[in-house]
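Comments concern the structure below.
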Number of protein chains: 4
Amino acid sequence: MILYILKDKSDFSTLKEKLNQNSASYKVLSLYGKNLVLAWPDQNVKSISDDSIEIKVEVKKPYILASNDWKKQPTIVNVKDVEIGGNKVVIAAGPCAVESEEQVLTTAKAVKRAGASLLRGGAYKPRTSPYSFQGLGDEGVKILRRVGDEVGLPIVTEIMDTRDSPIFKQYVDMIQIGARNAQNFSLLKEVGQLGKPVLLKRGMGNTVEEWLQAAEYILLEGNGNVVLCERGIRTFERSTRFTLDIGGMVAAKLMTHLPICADPSHPAGRRELVHSLALAAVAAGADMLLIEVHPTPEKALSDAEQQLTLESFEVLVNRIRDLTRALGRDV
Amino acid sequence: MILYILKDKSDFSTLKEKLNQNSASYKVLSLYGKNLVLAWPDQNVKSISDDSIEIKVEVKKPYILASNDWKKQPTIVNVKDVEIGGNKVVIAAGPCAVESEEQVLTTAKAVKRAGASLLRGGAYKPRTSPYSFQGLGDEGVKILRRVGDEVGLPIVTEIMDTRDSPIFKQYVDMIQIGARNAQNFSLLKEVGQLGKPVLLKRGMGNTVEEWLQAAEYILLEGNGNVVLCERGIRTFERSTRFTLDIGGMVAAKLMTHLPICADPSHPAGRRELVHSLALAAVAAGADMLLIEVHPTPEKALSDAEQQLTLESFEVLVNRIRDLTRALGRDV
Amino acid sequence: MILYILKDKSDFSTLKEKLNQNSASYKVLSLYGKNLVLAWPDQNVKSISDDSIEIKVEVKKPYILASNDWKKQPTIVNVKDVEIGGNKVVIAAGPCAVESEEQVLTTAKAVKRAGASLLRGGAYKPRTSPYSFQGLGDEGVKILRRVGDEVGLPIVTEIMDTRDSPIFKQYVDMIQIGARNAQNFSLLKEVGQLGKPVLLKRGMGNTVEEWLQAAEYILLEGNGNVVLCERGIRTFERSTRFTLDIGGMVAAKLMTHLPICADPSHPAGRRELVHSLALAAVAAGADMLLIEVHPTPEKALSDAEQQLTLESFEVLVNRIRDLTRALGRDV
Amino acid sequence: MILYILKDKSDFSTLKEKLNQNSASYKVLSLYGKNLVLAWPDQNVKSISDDSIEIKVEVKKPYILASNDWKKQPTIVNVKDVEIGGNKVVIAAGPCAVESEEQVLTTAKAVKRAGASLLRGGAYKPRTSPYSFQGLGDEGVKILRRVGDEVGLPIVTEIMDTRDSPIFKQYVDMIQIGARNAQNFSLLKEVGQLGKPVLLKRGMGNTVEEWLQAAEYILLEGNGNVVLCERGIRTFERSTRFTLDIGGMVAAKLMTHLPICADPSHPAGRRELVHSLALAAVAAGADMLLIEVHPTPEKALSDAEQQLTLESFEVLVNRIRDLTRALGRDV
């Protein structure tokens, strides 16, 4: 595969002609303000040159657009006025599941005051058991929207079904792809087409390379607003719910220009571990944290063990703030 | 959770009344010719008795309908005239991906002659990379249908998107849920509602318990025609593509009444290992095998390394036949 | 690394001279009746030829002597009159731990009658907890020896400490290296020097390649009597104690000339799974099985859950016999 | 199991009598300045009371002495004048393998100047391949000793064989048990008896619970000077050499009173990842770091890819110093 980065405003009709003459396949897309052409197979494309081409990159990796081989500068993903991938470490916080407007409102006010920049909450819930609380669905999305607007926080929530894309288009600021849909390629293409910022979790059984290939599905639809989220992988260890792969997260940062988020809540599986995992992720270079917070965790309808109280979250944000300053960043 | 198995043709209006009086939640469904009521929470339901109840089962496991706590007899899933879960070991064979009508037809004739009872082939392909062949889609499904009818083999193929359910309803005999959608709960509910036989693969990062809970999603929609398929899990070992979890497959057989299939092709990742893994799975008690076969594997558009030739497949079926006879079964 | 297989009875003083002249390092050893010279680095050795050389093998793998690149014929390991690696599937059976002479004698008689060819039993026990029964030590080894002689079965038992090699030299027919010492390189070298047959378990966290490299440590001491034993690896799955890696075992068979054993007891972790795993391993091509059997498993001082009763073992051997015949082998 | 913590200077002859009268088994040991009695089985011991007993702890976990159920205060392990487990984060640094006196001396001077408090280096090397450099053995230990004395740094190096304990007793300040010997129980008992500080690595296939049980073997010999070292576990991920289990490390800290060390070099497997993993481990609460540093890493005889240069190590220590201050600690 060859990637051509075209000169701004260039006419690439002659390039297309040459590709056709060489029986090459190609795809044209626009990403991060650049016109790009992906062309293959290599032997048909290698020798082509054209005035419209600014840079030609021969990509050997199984992901191309997600790689920093062609885009050296880190990408900043904007969710309304929140910049993810810049100097500030962005914190998204909120309940595991949207249970009621009051619950979300209480949480949203508290996390904003403490320093969160995004409100998270699950409306459609992917639950291992069909007997577990399945979420409020559309109504949950609308609660998040109302609370987000009232409190002044952009909202991030998970999509589970391609058929739900209209409501996500209308109401949601950042669309989360959960770990269980990390290789649901139909859904990845769909959120690619929606164009909204995407928070893409790594599947619990997926390698870093597969995670970047999942991002590639979204980017290939012309949507470059992807934040990668490490949330723990499946290993033999049982003292934690999942194994937060800090090393994989750091390796990913060396491979991609996309910002990286860490979710310390799911791998922890219990409150006592969340602070340490959050601090570790920030020290390792995470650009964003996704943290579950609930006004009364012990009464939560899901993930009761791992959600932080409002007080504990505030303490954590203060610790993160101290840490980021030592690292030359901020919250 | 309490499961009531109702007497045949019983009137359960008084049971419903009692459940309502006790502020219990309940779900009524019909499965395997039995009327069932699932009721909870336990403390509200425990003391209820009613004439309509044949058996009352207190279930402690996170899956209920999939468990053999209430249904001791193995379930037989019928795909047209093929019985899965009986004394015969059923073999489904065919190419990884549908590439052309000719390719499928050649394969179908050969695998039928060798002893296969079902024709498999991928029309919608879940590919790790967006740059890999994505399958022929609807056209692939129709090719399978035509070839299946011509050769006289029921067809099994994978669904990837809830929006595709109409075409699966119209054309497909057995619907496969792939490993990457093993916890795509929207899709599980959708195939539950379609009512057709389902071949449910275990996710590469899922425990046996989670696999049974995925089946539970389908059963809870009233569709009991589920065959579980072990296809290898993610481990640190690199000499195989995935680790075929024969132990997990055997453990599952002790937990459920559903038939169990093994896919030796994907964990093998290369042809030389497929025979041994297939034989091991049958010796361990698999009711069905799903095997990739291609007339010219080296030219295949996907999984070229692991597809068997037509000749090798025939040799394998003969070896399986010998083995099953030693075990008191047949192909 | 270059491996020279020398002609029988050849004088290789000129080869040594040439190696010295080229500043090459080399190691001379005798294995399987062949004189071998390993020489490196490649660039210093490549061009050397000599009359003493029968075959010159350039080895690219990280294991050499264990590889079937140079030795195509399967190795048969003789433990007294028992042949491991031939047409018969050899069964070693006995209690997890030696508890008393009576216990071992009862078991030995029964397993011999049922069809076992080797008596196993632990005298030095590697226990995860220091509070668990640590074995009878030297006295356990002597009990095994006396019972083995009385019943007429060669014995296999585990070594844990290099300092115990004298007692193993004197009393034991086949020395087991357990999973927890699979990369205890001092111990591997020690049993290499003892020259007795070795049953080398794969470590629970080791790849197939590392397992073969562990065997290489033994072979490099001139001891070619190594049987590799797959006993389950650590994965996220919890329905079994370990994941028996049948695929890894089959892959190993394609890489080495050494015989391969499977231990179905430890991965099973509970009796109900042992039969199926044993049958699967044999169907996949195992040359030997190592099975825990106890006259009264529920009273066993270790691994009570997974040891078979004498009756159940007999049933299993009969099933294995049927299976091996279908495969053209025997017990 | 019941643990009695005895009053200082108390006479416990009557307690022993009572235990004997109740047919209880028991073990007496002295640890952290306390006389302890472990007694079992519970039903024989439960009702015993005696004047010599200060506190009686019923332990339900599979590790007792390593647990913080009975010893709430964190243990500080002293290696000469270096305190591990206190407010300072202790850094041990040095080459993977001792190659020459000059190499070690150059490294030792540089790492001391940068802020390291301990000198590490391998003399006996556990190498996966018998063809890899196996270390200088005794001579390596003596080099470390001479350099340590010259530069003024206590030394830590790995033991591989129980037969080497005399040289470790004579020359070494802190004895490392490597990952491959993490369940070599003979070796654990041996270093327990030596009484010197032990750096106990977690096995690559071991759970946190098994790691604490390995420590228990050492403590049960009366040696309480154990530092636990997380160095990465085996998972399916391939972008790093091992997966540094920060969550497991944090979970361990909640379970034990022993100090915890992290080794960022081995899980990284390549230099570029070491800084981030080291910072993450410190942020998560590590009391010590073990870091591979080499004057000319590209020429190293082992682990060439992952050793830091002297310059890079200095940069890292400065970053760690900034981080620890933000956390209220120091280097």
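The values are calculated or read from the model by the stated rules, or taken from the named source; none is laboratory data. From a predicted model like this one, the values you see are computed outputs, not experimental measurements. All Cβ positions, glycine included, derive from the backbone under ideal geometry; neighbour counts span all protein chains shown.
If you go through region D:301-310 one residue at a time, do you hit one that is surrounded by fewer than 24 Cβ atoms within 10 Å (Cβ to Cβ) and within 12 Å of chain A (Cβ to nearest Cβ)? Scanning region D:301-310 turns up no residue that is surrounded by fewer than 24 Cβ atoms within 10 Å (Cβ to Cβ) and within 12 Å of chain A (Cβ to nearest Cβ). Across region C:60-79, a minimum of one residue is classified as farther than 26 Å from C:Met288 by Cβ and under 31 Å from the mean Cα position of the chain (by Cα).
Tell me the residue from D:Leu228, D:Leu254, D:Leu258, D:Leu194 that is over 30 Å from A:Thr256 (Cβ atoms), crowded, with 24+ Cβ neighbours inside 10 Å and either modelled with pLDDT under 95 or out of contact with any Gly (no Cβ under 8 Å at 6 or more places or on another chain) (or both), please. Steps first, please.
Numbers: D:Leu254 fails: crowded, with 24+ Cβ neighbours inside 10 Å; D:Leu258 fails: either modelled with pLDDT under 95 or out of contact with any Gly (no Cβ under 8 Å at 6 or more places or on another chain) (or both); D:Leu194 fails: crowded, with 24+ Cβ neighbours inside 10 Å.
That would be D:Leu228, the only listed residue that is over 30 Å from A:Thr256 (Cβ atoms), crowded, with 24+ Cβ neighbours inside 10 Å and either modelled with pLDDT under 95 or out of contact with any Gly (no Cβ under 8 Å at 6 or more places or on another chain) (or both).
If you go through region A:82-106 and pick out every residue that is without any contact (Cβ under 8 Å) to a residue 60 or more places away in the chain and assigned to a strand (DSSP E or B), you end up with 1.
Taken over region B:232-261, the criterion of being within 24 Å of B:Lys72 (Cβ to Cβ), charged (D, E, K, R) and at the interface with another protein chain (Cβ under 7 Å from one of its Cβ atoms) is satisfied by no residue.
Return a yes/no flag: does region A:63-73 have any residue that is aromatic (Phe, Trp, Tyr), outside any strand (DSSP E or B) and either touching a helix residue (DSSP H, G or I) at 6+ places or on another chain (Cβ under 6 Å) or over 16 Å from A:Val156 (Cα atoms) (or both). Looking for residues that are aromatic (Phe, Trp, Tyr), outside any strand (DSSP E or B) and either touching a helix residue (DSSP H, G or I) at 6+ places or on another chain (Cβ under 6 Å) or over 16 Å from A:Val156 (Cα atoms) (or both), one finds at least one in region A:63-73, hence yes. The set of residues in region B:254-302 that are within 21 Å of the chain's Cα centre (by Cα) and among the acidic types (Asp, Glu) comprises B:Asp263, B:Asp287, B:Glu292. Across region B:46-53, a minimum of one residue is classified as touching a Phe, Trp or Tyr at 6+ places or on another chain (Cβ under 6 Å) and not polar (S, T, N, Q). Any idea how many residues of region C:233-244 are crowded, with 24+ Cβ neighbours inside 10 Å and touching a residue at least 40 places away in the same chain (Cβ under 8 Å)? So the answer is 0. For region C:306-320, what are the residues that are closer than 19 Å to B:Ala326 by Cβ and of a type in the set (Asp, Glu)? Correct list: C:Glu314 only. In region D:281-300, which residue that is β-branched (Val, Ile, Thr) and more than 13 Å from chain A (Cβ to nearest Cβ) is farthest from A:Leu316 (Cα to Cα)? Among residues in region D:281-300 that are β-branched (Val, Ile, Thr) and more than 13 Å from chain A (Cβ to nearest Cβ), the one farthest from A:Leu316 (Cα to Cα) is D:Thr296.
Looking only at region C:88-111, count every residue that is surrounded by fewer than 24 Cβ atoms within 10 Å (Cβ to Cβ) and touching a Gly at 6+ places or on another chain (Cβ under 8 Å) and tell me the total. Count: 0. Scanning region A:1-50 for residues that are within 19 Å of A:Gly224 (Cα to Cα), among the aromatic types (Phe, Trp, Tyr) and assigned to a loop (DSSP other than H, G, I, E, B) yields one hit, A:Tyr32.
Residue-by-condition table, conditions (1) of a type in the set (A, V, I, L, M, F, W, C); (2) over 20 Å from D:Val208 (Cα atoms); (3) in the same structural domain as D:Leu308 (by TED's automatic domain parsing):
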position	(1), (2), (3)
D:Thr256	no, no, yes
D:Ile260	yes, no, yes
D:Pro264	no, no, yes
D:Ala281	yes, no, yes
D:Ala286	yes, no, yes
D:Glu292	no, yes, yes
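Whenever a residue of region A:183-211 is in the same structural domain as A:Pro154 (by TED's automatic domain parsing), its partners that are surrounded by 24 or more Cβ atoms within 10 Å (Cβ to Cβ) and of a type in the set (Ser, Thr, Tyr), lying with C-beta atoms within less than 7 angstrom and at least six residues away or across chains, give the pairs A:Phe185/A:Tyr217; A:Leu188/A:Tyr217; A:Lys189/A:Tyr217; A:Gly192/A:Tyr217. Answer yes or no as to whether C:Pro130 is surrounded by fewer than 23 Cβ atoms within 10 Å (Cβ to Cβ), within 14 Å of chain D (Cβ to nearest Cβ), without any contact (Cβ under 8 Å) to a residue 60 or more places away in the chain and part of a loop (DSSP other than H, G, I, E, B). Taking the combined requirement at face value, the residue does not satisfy it.
For region D:304-319, residues that are over 12 Å from D:Pro95 (Cα atoms) and of a type in the set (Phe, Trp, Tyr) total 0.
Would you mind stating whether A:Ile84 is surrounded by 23 or more Cβ atoms within 10 Å (Cβ to Cβ) and within 20 Å of A:Ala252 (Cβ to Cβ)? Yes, satisfied.
Among the residues in region A:70-81, are any without any contact (Cβ under 8 Å) to a residue 60 or more places away in the chain, surrounded by 17 or more Cβ atoms within 10 Å (Cβ to Cβ), in contact with a strand residue (DSSP E or B) (Cβ under 7 Å, 6 or more places away or on another chain) and not polar (S, T, N, Q)? Among the residues of region A:70-81, not one is without any contact (Cβ under 8 Å) to a residue 60 or more places away in the chain, surrounded by 17 or more Cβ atoms within 10 Å (Cβ to Cβ), in contact with a strand residue (DSSP E or B) (Cβ under 7 Å, 6 or more places away or on another chain) and not polar (S, T, N, Q), which makes the answer no.
The selection criterion, being within 12 Å of chain B (Cβ to nearest Cβ), more than 22 Å from B:Ala182 (Cβ to Cβ) and buried (at least 23 other Cβ atoms within 10 Å of the Cβ), holds for A:Leu219. Filter region D:189-212 for residues that are farther than 17 Å from D:Thr75 by Cα, facing chain C (nearest Cβ under 10 Å) and of a type outside the set (A, V, I, L, M, F, W, C) and give the result. The answer is D:Lys189, D:Glu190, D:Gly203, D:Gly205, D:Asn206, D:Thr207, D:Glu209, D:Glu210.
Kindly provide the set of residues from region B:115-137 that are of a type outside the set (A, V, I, L, M, F, W, C) and either within 28 Å of B:Val317 (Cβ to Cβ) or not assigned by TED's automatic domain parsing to the domain that holds B:Phe313 (or both), ordered by number. If the condition is that a residue be of a type outside the set (A, V, I, L, M, F, W, C) and either within 28 Å of B:Val317 (Cβ to Cβ) or not assigned by TED's automatic domain parsing to the domain that holds B:Phe313 (or both), then B:Gly115, B:Ser117, B:Arg120, B:Gly121, B:Gly122, B:Tyr124, B:Lys125, B:Pro126, B:Gly135 are the ones that fit.
Just the residues that are touching a strand residue (DSSP E or B) at 6+ places or on another chain (Cβ under 8 Å) and within 14 Å of chain C (Cβ to nearest Cβ), please, taken from region D:51-62. Of everything in region D:51-62, those that are touching a strand residue (DSSP E or B) at 6+ places or on another chain (Cβ under 8 Å) and within 14 Å of chain C (Cβ to nearest Cβ) turn out to be D:Val59, D:Lys61. Figure legend. Inter-residue proximity from region A:160-181: first residues within 14 Å of chain B (Cβ to nearest Cβ), second residues small (Gly, Ala, Ser) and crowded, with 20+ Cβ neighbours inside 10 Å, beta-carbon distance below 6 Å, spacing 6+ or different chains. Indicated pairs: A:Met160/B:Ser186; A:Asp161/B:Ser186; A:Thr162/A:Ser186; A:Ala179/A:Gly203. Going by the conditions given, is D:Ile155 at pLDDT 95 or above and closer than 15 Å to D:Arg120 by Cβ? For D:Ile155, the condition - at pLDDT 95 or above and closer than 15 Å to D:Arg120 by Cβ - is met.
Looking only at region D:269-280, filter to residues that are small (Gly, Ala, Ser) and more than 7 Å from every other protein chain (Cβ to nearest Cβ); which one of those is surrounded by the most Cβ atoms within 10 Å (Cβ to Cβ)? Going through the qualifying residues, I end up with D:Ala278.
Let's see how each residue does on (1) in contact (Cβ under 8 Å) with a residue 24 or more places away in the chain; (2) surrounded by 17 or more Cβ atoms within 10 Å (Cβ to Cβ):
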position	(1), (2)
B:Lys7	yes, no
B:Thr14	yes, no
B:Gln21	no, no
B:Leu31	yes, yes
B:Gln43	no, no
B:Asp50	yes, yes
